[in-house]
Structures are given as structure tokens and as C-alpha cells.
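Notes follow once the structure below has been shown.
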Amino acid sequence: MVAHIRGPMVWIALIVFVLGTATQILQFFWLSRKTARSFAVFDPDRENRVGKLSLHQRISDMAHYFRKTVFVTYPLTMTVSTVFHVCLILLPLFVLGHNELIALSLGHRLPSFPERLSDGLTLVVLLCCSYFFIRRVVLARMRAISSLADYLVLALVGVSFLSGYLAYHQIFDYQSTITIHMLSGELMLMAIPFTKMTHMTFFFFNRFMVIHEHTLGRGERVW
Amino acid sequence: MKVNTSEIVALLNAEKPKMKLWLKVCAHCSLCAESCFLYTVKDRDPRYMPSYKVIHSIGTLYRKKRRISHQDLETIGDIVWNRCVLCTRCYCPFGIDIPAMITLGRKICRTQNIYRRYDEK
Ligand code: HEM
Ligand code: HEM
Ligand code: SF4
Ligand code: SF4
């Protein structure tokens with residue numbers, strides 16, 4: 001059992017993650033189409049603006065835009081969220097333990113964070129997860145829309161990091177913590193394309209390529 | 001009162017992949033709350049939050065499909081007609097199109113004769 005979790009399951013998880021994400025991306029293109037209208041959103045700031053903008057205009061546009069984002073309405077949550085997501089993406093890629101395994105199986109050594117740094121950032125992620133959990137339990141507006149799945153996804157992320165931390169410090173039985181770590185990590189990877197975590201791809205597609213009220217990029221497509 | 005479920009299911013199926021994807025992507029994070037003026041005006045009642053309105057209208061419809069009752073539709077009708085004015089000001093970090101979802105809810109309610117009545121007290 002443990003041999004399977006350590007061996008083939010890792011590859012299965014990676015394949016499910018990659019194929020699932022690829023399917024999501026194909027689905028975006030299948031469900032949306034290109035349109036001739038290049039900017040359909042009514043935005044008083046961009047009305048009657050033709051030709052090149054001065055640097056000053058561009059900065060004030062950006063400042064004006066920023067004031068309308070959730071970073072200003074919910075500064076604490078968005079700061080926690082940004083820290084959480086940056087660590088969430090960087091850590092698994094640069095943790096020494098992972099790169100040891102990659103070096104073993106591919107024969108190539110990838111750059112890693114110093115161990116103290118990844119260890120600290122792991123704690124930061126755990127703090128962020130606790131913040132999300134408390135917010136979900138305490139705030140009435142969060143309780144009103146929370147389902148079991150929201151807690152499960154958060155728990156999956158929390159357990160992957162917590163067990164990685166425990167294994168690294170060899171707190172409790174190493175065999176058990178590392179097995180739980182590999183299992184939860186694999187489950188999380190596989191769940192990304194099929195749960196709300198699929199926002200990883202959706203965010204970039206929908207905010208940059210689709211025309212709507214809050215398009216960030218060129219916005220050439222409609223659903 | 002009788003509900004014509006095949007009419008509802010036909011409308012649901014026509015936009016199913018897109019609507020289901022939006023429902024799935026919603027992180028249930030409540031960051032859209034403050035962007036809806038109705039939410040702020042109604043003393044920040046969670047039932048006026050954009051995501052709440054979508055989950056309890058379109059979300060319920062896709063979950064129950066043929067099992068939807070007239071009572072359910074009355075509740076959904078109250079949400080899509082009375083708690084959202086389709087002003088398209090809602091701001092979701094993922095850009096989920098809340099008004100488009102409420103619009104589908106209205107379309108479905110209309111087929112079952114549930115709509116906003118201005119001549120009633
Ligand atoms: C897919 C299978 C995975 C395997 C086989 C695996 C394996 C490992 C191993 C061997 C270690 C080192 C433990 C030690 O030093 O003894 C480790 C640490 C760690 N892993 Fe994973 N891991 C996996 C997935 C993940 C995922 C998906 C995440 C997070 C998204 C993650 C986050 C971490 C972190 C943060 C640490 C370091 C903890 C610390 O230094 O405090 N792992 N992992
Ligand atoms: C790389 C692009 C990504 C972007 C731009 C992004 C963006 C966001 C945003 C804007 C939120 C809502 C704000 C919040 O509640 O924190 C959110 C929530 C969340 N994201 Fe991401 N995300 C990304 C990737 C991921 C990945 C890869 C995972 C997991 C493996 C993930 C897990 C989560 C979770 C669990 C929440 C909900 C936190 C809660 O329970 O409130 N995200 N994300
Ligand atoms: S609609 Fe957007 S902002 Fe609102 S809860 Fe869902 S993901 Fe969050
Ligand atoms: S479209 Fe509806 S949900 Fe969105 S801000 Fe306007 S009233 Fe609120």
C-alpha cells in the first residue's frame with residue numbers, strides 16, 4: 001500500500017492533474033468564442049481616450065482601477081490570500097525534500113529554497129489556512145454560502161502542508177506523517193481540476209481573455 | 001400548482017456547461033458582497049450577497065432539476081426578481097458573470113408564470 005502511494009500514485013496524480021487542467025483549458029475555448037467588439041464595457045475612464053496616453057494618465061488610471069478592486073474593500077483577506085497563494089505555488093516547487101525526489105527519479109537537480117525558508121513559509125501557509133477557516137466559521141456571510149466541499153478543500157490543503165511540516169521535523173512517526181503527506185498531496189493535485197481549485201486556470205482565462213465588467217487583458221472573447 | 005419541468009430542464013440544458021463551470025469555480029469567498037449596493041443597503045444581509053443569490057437560485061435549479069417544486073420556484077423567483085436589479089456592478093475576483101446567471105433564473109421563472117408583479121401590493 002505504502003509502496004503504491006510512494007511510487008505509481010505520484011505519477012497517476014501528476015497525469016490526472018495535467019490532463020484535467022488541459023481539459024479545462026480546452027473547455028474554455030470550446031465554450032467561448034472570439035468577437036469583433038474589442039471593448040464592450042462601459043468605462044467612463046476609457047471613454048473618448050484615443051491615441052497614446054501620457055505616463056501620468058496611465059498611472060492615475062491604474063490607481064483609479066485599483067481603488068475598485070477587492071484589495072481595497074477587503075485588505076486583510078486579500079493580503080492573506082496573496083501570501084497564501086504565492087507560497088502555495090512556490091513551496092512545492094522549491095522544497096528541498098521534493099527536489100531530492102525529483103533528482104532521484106530524473107537525475108537532474110533543481111534549485112531549492114534554503115530549508116529554513118521553506119520551513120518558515122510552510123508555517124505561514126498554515127496560518128493563512130487557519131485564517132480562512134476562522135473566517136468561514138465566524139462571518140455570517142461566509143456561513144451562508146459554505147458547504148462541506150469548502151471545508152474539505154481547505155482541510156486537504158491544510159493537511160498536505162501540516163504533514164509535510166511534521167515529516168520534515170520528524171515529529172510523530174515519520175513513516176505515518178510522510179505517507180499522509182504524500183497521500184494528501186496527491187489527492188490535492190488530482191482534485192484541482194475537478195473542484196473550486198480549478199480557479200487556478202479559470203482566473204487567468206476569465207479575467208484576461210473574456211470581455212466583461214472587470215477585464216484585465218485584451219478581452220476578445222465572450223462566453 | 002403544476003410545474004412544467006421539461007420546459008425548465010430544456011432551458012437549463014441549453015446553458016449547462018457554462019453555468020455548471022461558474023457554479024463550480026465560485027470559491028464561496030464572499031468577496032463579491034460589498035460590490036452589490038442592495039447588500040449594503042439591506043444592512044449587509046447575507047441573502048443579498050451576489051454569490052448567495054446565484055447559489056440559491058441557479059445552483060438549486062441545477063441541483064434539483066426535475067425535482068423542482070412550485071414552492072422552490074417561488075423562492076427562486078423572489079431572489080431573481082426582488083433581490084437583484086441586474087445592474088452588473090458586482091465584482092468577483094474570478095469575473096464570474098452573476099447577472100448572466102440571474103438572467104437565466106428570470107427566464108426560467110417567466111416560463112412558469114413567476115415574475116415581478118407591479119400591480120400587487
Ligand atoms: C505528490 C506527492 C508528494 C510527495 C511524494 C511529497 C514528498 C515530500 C517529501 C519527501 C518531503 C520532505 C520531508 C522530509 O524532509 O523528510 C516533503 C516536504 C514538503 N512537502 Fe511534499 N510531497 C508531495 C506533495 C506535496 C504537495 C502537493 C505540497 C503542497 C502543495 C507539498 C508541500 C510540502 C512542503 C511545504 C514540505 C516541507 C515542509 C517543511 O519543510 O516544513 N508536498 N514532501
Ligand atoms: C494561480 C492562480 C490562482 C489564483 C489567481 C487564485 C486566486 C484566488 C482568489 C482570488 C481567491 C478568493 C480569495 C480568498 O478567499 O482567498 C482564492 C481562494 C482560494 N484558492 Fe486560489 N488562486 C489560484 C490558485 C490556487 C491553487 C493552485 C489552489 C489549491 C491548490 C488554490 C486554493 C484556494 C483555496 C482553498 C481558496 C479558498 C480559501 C477559502 O476557503 O476562503 N488556489 N484563490
Ligand atoms: S461569486 Fe466570486 S466573489 Fe462571490 S463568492 Fe463566488 S468566487 Fe467569491
Ligand atoms: S447585478 Fe444584481 S447582484 Fe450584481 S450588483 Fe447588481 S443587484 Fe447586486
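Please indicate, with yes or no, whether at least one residue in the range A:63-71 is surrounded by 12 or more Cβ atoms within 10 Å (Cβ to Cβ) and at pLDDT 85 or above. Among the residues of the range A:63-71, at least one is surrounded by 12 or more Cβ atoms within 10 Å (Cβ to Cβ) and at pLDDT 85 or above, which makes the answer yes. The criterion of at least 2 residues that are of a type in the set (Lys, Arg), open to solvent by 20 Å² or more (accessible area, probe 1.4 Å) and within 24 Å of A:Leu154 (Cβ to Cβ) is met by none of the helices (runs of 4 or more DSSP H) wholly inside the range B:28-121. Taking each residue of the range A:97-123 that is over 19 Å from A:Val86 (Cβ atoms) and open to solvent by less than 50 Å² (accessible area, probe 1.4 Å) and looking for partners that are away from ligand 3 (no atom under 16 Å from the Cβ) and modelled with pLDDT of 80 or more with beta-carbon atoms closer than 6 Å, six or more apart or interchain, yields A:Ala103/A:Arg109. You will find that of B:Ser30, B:Ser51, B:Ser35, the residue that is at the interface with another protein chain (Cβ under 10 Å from one of its Cβ atoms), closer than 23 Å to A:Arg67 by Cβ, in contact with a His (Cβ under 8 Å, 6 or more places away or on another chain) and polar (S, T, N, Q) is B:Ser51 and no other. If the condition is being open to solvent by 30 Å² or more (accessible area, probe 1.4 Å) and more than 10 Å from every other protein chain (Cβ to nearest Cβ), then the range B:1-27 contributes B:Met1, B:Lys2, B:Asn4, B:Thr5, B:Ser6, B:Glu7, B:Ala10, B:Leu11, B:Asn13, B:Ala14, B:Lys16, B:Lys20. Note on the range A:71-181: enclosed helices (runs of 4 or more DSSP H) holding 2 or more residues that are away from chain B (no Cβ under 12 Å) are A:75-94, A:96-106, A:115-138, A:148-169. Candidates A:Leu139, A:Leu166, A:Leu154, A:Leu187: the one that is in contact (Cβ under 8 Å) with a residue 60 or more places away in the chain and either closer than 30 Å to B:Tyr39 by Cβ or not small (Gly, Ala, Ser) (or both) is A:Leu187.
The values are calculated or read from the model by the stated rules, or taken from the named source; none is laboratory data. Only a predicted model underlies this, so the values are computations on that prediction, with no experimental measurement involved. Every residue, glycine among them, receives a Cβ derived from its backbone with ideal geometry; neighbour counts consider all protein chains shown. In case anyone asks, the SASA skips ligands and DNA or RNA and just uses the protein heavy atoms, side chains included. Shrake-Rupley method; radii C 1.70, N 1.55, O 1.52, S 1.80 Å.
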